[in-house]
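The values are calculated or read from the model by the stated rules, or taken from the named source; none is laboratory data. Computed from a predicted model, the values in this text were never measured in an experiment. Cβ sites come from the backbone with ideal geometry, for glycine too, and all protein chains shown count toward neighbours. These accessible areas exclude ligands, DNA and RNA; they are computed on the full protein's heavy atoms, side chains included. Shrake-Rupley method; radii C 1.70, N 1.55, O 1.52, S 1.80 Å.
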Amino acid sequence: MQIVNRILLKKILILICSAIALLAIILSIYSQTAIAQEPYSPSQDTAAPPKGLVEVKMTVIAVDPVKNELETRLQFELKGIYKKGPTYPAQDLLMTVNGANVKDSEISFKEGKPMIVPTLKFNLVKGKINNYPFDRHIAKVAISIDPLPSLGKKFAPFELNPVPLVFNFNADVPGFDITYRPLEENSSIFIYIDVSASRSLPVKFFALVIIVIMWVLSIMALLLALKVLQSGKLPEVGMLSWTAVMLFAFPAIRNAQPGVPPVGTASDFLSFFWTEIIVVVALVIIGSCWLKRYHPPIE
C-alpha cells in the first residue's frame with residue numbers, strides 16, 4: 001500500500017513540475033519585453049522656429065476591451081503668440097480630433113477662456129478580446145489645432161496657419177502595458193499615433209496560474225475517481241462532496257482572473273471548459289460507485 005501511495009505521489013509531483021515548466025514556456029513565448037516610449041519628434045516643416053506652439057499632454061486613464069474604448073484626458077500648455085494665460089488662448093482655436101464621443105470631431109476654444117476638454121474616448125480598431133490574456137489592442141489618435149479669426153481683429157498670415165504642436169504621452173492603467181508609436185503622417189502640426197494596450201506581465205502570470213490550478217485540481221479529482229473505481233470499496237461521502245464543490249467552484253476561480261471578459265476566451269479553451277468536463281466525469285464515476293456499492297443497513 002505504501003508503494004502505491006509513493007507511486008501516486010511521484011505522479012502528482014511530476015504533474016506539478018510539468019505544469020510549472022509549461023507555465024514558464026508559455027510566459028517566455030507570450031510575454032512582451034518592455035517597449036521604450038518612442039519620443040515624439042515632429043518634423044521640421046519650416047526653417048524658422050515657430051513664434052508660438054501648443055503643448056498637448058495626453059493621459060490614458062482607462063482601457064475597456066469589452067466596449068472597445070480607450071479613455072483619455074487632454075491638457076494644454078500655450079506658448080508664444082497663442083498664450084494669453086497658462087491655458088487661455090490669445091485667439092479662438094479649433095481642435096480636430098477623432099474622438100468617438102466628439103460631435104463632428106471638432107472642439108472649439110474661445111479667446112481668453114480656459115482650454116478644458118471632457119474625457120475623450122477613442123475606438124480600439126485592432127485586437128481581439130477573445131485572446132485574453134494575450135490580447136493586444138490598438139487605437140488610432142489624430143489631433144490638429146487651427147486658429148480661427150476673431151471678430152474685430154486682424155492676424156498676420158502665419159497666425160492663421162495650423163498651430164505647431166508638441167506632444168507628451170502618459171499612461172498608468174492597472175493591468176495594462178500601454179505604449180504609443182508615432183505614424184508616418186506625424187508632423188509639427190498634426191499628431192497621428194497608434195496607442196497599443198496589452199495585458200501586463202503580472203496579469204498574464206496570474207491568469208496562467210489560475211489555468212494551472214484548475215488543471216491540477218481536475219486531474220486530482222479524476223485520479224481519485226479512478227482509484228475509487230479500482231478499489232471496489234464504497235467511496236466516502238466526503239469524496240463525492242469535494243468533487244461536487246469543485247464543479248461549482250471552478251466558475252468562481254475562472255472569474256478571479258483580473259479583467260477577464262465573459263466566457264469564451266482563449267484561457268477558457270486552455271483550461272476552464274476541459275477541466276469542468278474532467279470534474280464532471282470524476283463526479284459521475286464516484287457517484288456511480290457510491291450508488292452501486294452502497295447497501296443501507298437492515299433494520
*So which pairs qualify, if the first residue must be in the stretch 251-273 and at pLDDT 90 or above, the second must be surrounded by fewer than 17 Cβ atoms within 10 Å (Cβ to Cβ) and of a type in the set (Val, Ile, Thr), the Cβ gap must be under 7 Å, and the two must be at least 6 apart or on different chains?*
ILE253/ILE213; PRO261/VAL66
*Mind listing just one residue for me: the one in the stretch 241-257 that is in contact with a helix residue (DSSP H, G or I) (Cβ under 7 Å, 6 or more places away or on another chain) and open to solvent by less than 50 Å² (accessible area, probe 1.4 Å) and, of those, nearest to PRO202 (Cα to Cα)?*
GLN257
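Among the residues of the stretch 204-230 satisfying the criterion of being in contact with a Pro (Cβ under 8 Å, 6 or more places away or on another chain) and buried (at least 20 other Cβ atoms within 10 Å of the Cβ), which is farthest from ILE253 (Cα to Cα)?
Let us first name the residues in the stretch 204-230 that are in contact with a Pro (Cβ under 8 Å, 6 or more places away or on another chain), namely 204, 206-208, 228.
Add one more test, that the residue is buried (at least 20 other Cβ atoms within 10 Å of the Cβ), and what stays is 204, 207-208, 228.
On the way: LYS204: 15, ALA207: 10, LEU208: 12, VAL228: 26 Å.
Per the stated criteria, the residue is VAL228.
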*Do you know which residues across the stretch 131-151 are more than 17 Å from LEU93 (Cβ to Cβ), open to solvent by 30 Å² or more (accessible area, probe 1.4 Å) and either in a loop (DSSP other than H, G, I, E, B) or modelled with pLDDT under 90 (or both)?*
PHE134
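Only one of LEU53, LEU15, LEU78 is open to solvent by less than 60 Å² (accessible area, probe 1.4 Å) and modelled with pLDDT under 70. Can you tell me which?
Just one listed residue meets the conditions, LEU15.
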*Considering the stretch 97-116 alone, what residues qualify as being surrounded by 17 or more Cβ atoms within 10 Å (Cβ to Cβ) and β-branched (Val, Ile, Thr)?*
VAL97, VAL102, ILE107
*asked:* Of all residues being in contact (Cβ under 8 Å) with a residue 40 or more places away in the chain and part of a loop (DSSP other than H, G, I, E, B) in the stretch 93-130, which is nearest to the chain's Cα centre (by Cα)? Just the residue, please.
replied: GLY127
*Can you tell me which residues in the stretch 179-203 are modelled with pLDDT of 90 or more, open to solvent by 20 Å² or more (accessible area, probe 1.4 Å) and either within 11 Å of the chain's Cα centre (by Cα) or among the hydroxyl-bearing types (Ser, Thr, Tyr) (or both)?*
THR179, TYR180, TYR192, LEU201
